[in-house]
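What follows is a set of notes on a single structure, which appears directly below.
The values are calculated or read from the model by the stated rules, or taken from the named source; none is laboratory data. Quantities reported herein were computed from a predicted structural model and do not represent experimental measurements. Don't worry about glycine lacking a Cβ; one is built from the backbone with ideal geometry, like all the others, and counts go over all protein chains shown.
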Amino acid sequence: MWELYKILGKGMGQQYLIDEVAEKLKTLSPKDFKKSLRLMYNTVLIDTPIQLAFLFIDGLKYNKFFEFQQFVEVIGKSNG
């Protein structure tokens, strides 16, 4: 999870999950996008952009990435 957080970083401040993911995808390099998918899934056999986007969203939700992200940010504020 830490590796994924290092790639995706802090939240974008969006209220809705889809908006947060859309903002992430705008700023994420193709290399980092592929790396994050490899962290969430061992093998990715899908190659259409929309299917990859849904796979990315499902992986983030399944791994509770946004909850982890929020936790790390709260910890960071209390230590900073």
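Looking at the range 29-38, is at least one residue of a type in the set (Gly, Ala, Ser), surrounded by 15 or more Cβ atoms within 10 Å (Cβ to Cβ) and touching a residue at least 24 places away in the same chain (Cβ under 8 Å)?
Yes, some residue in the range 29-38 is of a type in the set (Gly, Ala, Ser), surrounded by 15 or more Cβ atoms within 10 Å (Cβ to Cβ) and touching a residue at least 24 places away in the same chain (Cβ under 8 Å).
Of all the residues that make up the range 1-26, how many are among the hydroxyl-bearing types (Ser, Thr, Tyr) and either at pLDDT 90 or above or closer than 19 Å to Gln51 by Cβ (or both)?
1
Pull out all pairs, ordered by first then second residue, where Cβ-Cβ is under 6 Å, the residues are six or more apart or on different chains, the first lies in the range 10-24 and is more than 19 Å from Gly76 (Cα to Cα), and the second is at pLDDT below 85.
Hits for this filter: Glu20/Met12; Glu20/Gln14; Glu23/Met12; Glu23/Gln14.
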